[in-house]
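Working notes, beginning with the structure itself.
The values are calculated or read from the model by the stated rules, or taken from the named source; none is laboratory data. Quantities reported herein were computed from a predicted structural model and do not represent experimental measurements. Here the Cβ positions follow ideal geometry from the backbone for every residue, glycine too, while neighbour counts run over all protein chains shown. When the accessible area is computed, the model is the full protein with side chains, heavy atoms only, and any ligands, DNA or RNA have been set aside. Shrake-Rupley method; radii C 1.70, N 1.55, O 1.52, S 1.80 Å.
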Amino acid sequence: PLPWPASESLALKFVAHHLWDPARREADSRHGMPADVTAALRAADVLRAAGPHAPSTVKRRLASWGALHRWKGQEGPFASPSLRSALRLAVRASGRPRKRKSQRAVTRDVLDRLLQTCSSDRLADPRDLAILLLAFASGGRRRSEVARLRVEQLTDEPGVPLDPRDPNSPILPCVSIQLGRTKTGDADDEGRVFLV
């Protein structure tokens with residue numbers, strides 16, 4: 001059991017135990033999570049990863065731990081400069097390449113099959129069709145971004161030519177979508193995408 005509230009040293013130890021360098025572990029067996037801690041966590045079925053955790057996993061778990069502290073009216077160490085610095089340095093040192101969430105992106109042929117399901121006379125079909133086309137044409141939005149989208153976030157923009165090199169090219173309508181704060185953006189970011 002973890003002490004409550006968590007100390008800053010415990011949070012730093014959590015980062016060190018979960019974001020370790022496999023190459024350094026070969027040279028120093030004390031680097032990373034100790035073997036007895038690993039064995040205890042595996043026996044309790046709370047540790048499944050064989051190697052170091054993904055930085056996003058560690059950040060998410062620290063955020064959850066911090067939320068539990070706030071819910072109980074405690075001030076945790078999760079906003080301390082030393083923990084933030086340690087986390088940033090550990091992520092940078094991990095050298096783990098960022099991977100796509102989905103190995104199977106929605107391509108045009110997949111979209112076409114989805115759109116075929118919106119061909120009945122049900123009232124929901126035009127709505128579903130618009131949602132699918134908007135999400136795809138705006139660069140692939142997250143479900144949460146599409147679900148909370150409101151008409152006020154859509155703005156008509158000047159049309160764009162089908163072929164920018166041809167002055168007589170037909171003009172296509174253009175709309176901008178004000179995404180607001182997104183999952184990967186900062187609080188000050190106001191993401192905006194265009195849909196032609």
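Among ALA44, GLN116, GLN178, flag the residue with its Cα farthest along the positive direction of the charge dipole of the chain, charges on Cβ as +1 for Lys/Arg and -1 for Asp/Glu. Of the candidates, ALA44 comes out farthest on the positive side.
Placing +1 on the Cβ of every Lys and Arg and -1 on the Cβ of every Asp and Glu, with nothing else charged, gives segment 8-94 a dipole about its Cα centre of roughly 300 debye. Convex hull volume of the Cα atoms of the chain, normalised per residue: 233 Å³.
When only Cα pairs below 8 angstrom with a gap of at least 6 residues are kept, the chain shows a relative contact order of 14 percent. Taking each residue as 0.36 nm, the span from ALA35 to GLN116 lengthens on full extension beyond its C-alpha to C-alpha distance by 23.8 nm.
These residues, TRP71, TRP65, go from largest to smallest accessible area, 1.4 Å probe, as TRP71, TRP65. Residues in segment 8-18 carry Karplus couplings, in order, of 5, 5, 5, 5, 5, 5, 4, 4, 5, 6, 9 Hz; the curve used is 6.51 cos²θ - 1.76 cosθ + 1.60 with θ = phi - 60°, and Gly or Pro positions show x. Start at zero, step by 5 Å, and the Cα-Cα distances of segment 8-94 spread as 3, 13, 23, 24, 20, 12, 4, 1, 0 percent across the bins. A 1.4 Å probe, protein heavy atoms only, puts the accessible area of CYS174 near 10 Å². Per residue, the accessible area of the chain comes to 74 Å², computed with a 1.4 Å probe over protein heavy atoms only. Shown for segment 1-134: the carbon plus sulfur share of the solvent-accessible area, taken with all protein chains present and a 1.4 angstrom probe, equals 57%. With the convex hull constructed from alpha-carbon coordinates only, segment 108-195 shows a mean projected area of 7.8 nm² over all directions.
Under the convention that each Lys and Arg Cβ holds +1 and each Asp and Glu Cβ holds -1, the size of the dipole of segment 108-195 around its Cα centre is about 360 debye.
Would you mind getting me the FRET efficiency between GLU26 and SER64? Use the beta-carbon distance for r and R0 = 35 Å, nearest 0.05. About 0.65, to the nearest 0.05. Computed with a 1.4 Å probe on the full set of protein chains, the accessible area for LYS13 sits at about 110 Å². Computed from the alpha carbon atoms alone, the convex hull of segment 28-77 holds 113 Å³ per residue.
Note on ASP121: accessible area approximately 150 square angstrom, rounded to 10, probe 1.4 Å, nucleic acids and ligands left out.
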